[in-house]
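Accompanying notes for the structure given below.
The values are calculated or read from the model by the stated rules, or taken from the named source; none is laboratory data. Worth saying up front: this structure is predicted, and the values here are computed from it rather than measured. Here the Cβ positions follow ideal geometry from the backbone for every residue, glycine too, while neighbour counts run over all protein chains shown. Please note that ligands, DNA and RNA were not included when accessible areas were found on the heavy atoms of the full protein model with its side chains. Shrake-Rupley method; radii C 1.70, N 1.55, O 1.52, S 1.80 Å.
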Amino acid sequence: MGLSTTISLEEWPGDDGLKVGCGLRPMATTSSKSRVVGGTDAQPGAWPWIVSIQDARGRGSGHICGGSLITPEWVLTAAHCFVKSRAPPAPRRDVSEWRVVAGVTQLSRHGPETQQRQVRRLVLHRDYSSVTESHDVALVQLDRPVRCGPRVQLACVPPAPAALPRLSHCYVSGWGSTDARAAGSADVLQEAKVQLIDPQLCNSSRWYAGAIHEHNLCAGYPQGGIDTCQGDSGGPLSCQDRTGPYFWLVGVTSWGKGCARARHPGVYTSTQHFYDWILAQMGLSTEATTPPPPQTASFSPPSQPPAEQASAEPCPFPRKKLQEFFSLLQELLQKLRGSEA
Ligand code: 4AZ
């Protein structure tokens, strides 16, 4: 029988810094076939890395943008979320204006695993332009790490410069508008299956006519109808790996011409393109052992102590559960081998 009985957790899903013990959806049952615009509710825990970034002084939930947990204390999101109007840029530097909610599906009703955090630091990409929407990426450091559990997990960021991992199904999720013609956010998290669209086609004259940057991805449908919309920004474009039951955080929802229009799919910031930037800002690369250069758009209040070294530890929950699962699997395989002999 061609099965190995030695299964090491260290080899799964991979050996790169940001993808061990990540991308798992412990609560997911079946794959979904739904939409964000005109869409369907996501099941609790369906996208356990998504967070709601909220204006702490806003009305209702105060939801502004989505984001994705990439370590227990860092959230990857879009830079434009922190700019009041897209032109001219007026960054909202005061971290006390924001809060981050993890482990939530329905914004008006927090569940047992919902965890609210304050923001310690905002890092906007220094090349973000609200005119061209280039480099629309930001990191949010939480005041303290979240605890992982069935509804709170980390996303896997694909390493650069390797080719994109072998991807199969891609999904977007968010609390953004469900009506292409109306603003406002959804109370229950929405999800949609989308297709990655060839960048050349996306940038062609009848589509985005050159407005797509090399660090963007286009996803949606040529005919429109299913798309992210206002309020979904910063949230994840997550694609399943062909070889395993885990997802990659492939894109960050950035912009689009309207929502769900034909030949104008959603535009995403490619996370792979910013892999080194992400590591550097979190203090996980050699570059970041020196203070960030002055032009770096770091909005940490000067009175705060330096950020603790970002934890590269995977969330413990899946590891323990997976260890149990793999021990059981190993036992089963041994039994099967025994009964074959
Ligand atoms: C927005 O305004 C926005 N259709 C996000 C995504 C898309 C359009 C607009 C994609 O945040």
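Points to keep in mind about this one:
- Region 239-265, residues that are farther than 18 Å from Asp179 by Cα, surrounded by fewer than 20 Cβ atoms within 10 Å (Cβ to Cβ) and small (Gly, Ala, Ser): Gly244
- Search result, residues across region 22-38 that are open to solvent by 10 Å² or more (accessible area, probe 1.4 Å) and either closer than 23 Å to Arg147 by Cα or at pLDDT 90 or above (or both): Leu24, Arg25, Pro26, Met27, Ala28, Thr29, Val37
- Figure legend. Inter-residue proximity from region 196-216: first residues among the polar types (S, T, N, Q), second residues open to solvent by less than 20 Å² (accessible area, probe 1.4 Å), beta-carbon distance below 6 Å, spacing 6+ or different chains. Indicated pairs: Asn203/Ile212; Asn216/Val267.
- Being open to solvent by 10 Å² or more (accessible area, probe 1.4 Å) and either within 13 Å of the ligand (Cβ to nearest atom) or over 28 Å from Arg120 (Cα atoms) (or both) is a property that does not hold for Tyr268.
- Residue selected from region 39-54 under the condition of a type in the set (Val, Ile, Thr) and open to solvent by less than 10 Å² (accessible area, probe 1.4 Å), by the criterion nearest to Val100 (Cα to Cα): Ile53
- Condition broken by Cys156, with the remaining ones in (1) under 20 Å from Gln240 (Cβ atoms); (2) within 16 Å of the ligand (Cβ to nearest atom); (3) crowded, with 18+ Cβ neighbours inside 10 Å satisfied: (2)
- Residue in region 271-289 that is within 14 Å of the ligand (Cβ to nearest atom) and either in contact (Cβ under 8 Å) with a residue 12 or more places away in the chain or touching a strand residue (DSSP E or B) at 6+ places or on another chain (Cβ under 6 Å) (or both) present: no
- Screening Gln195, Gln190 for residues that are away from the ligand (no atom under 12 Å from the Cβ), open to solvent by 20 Å² or more (accessible area, probe 1.4 Å) and at pLDDT 95 or above leaves exactly one candidate, Gln195.
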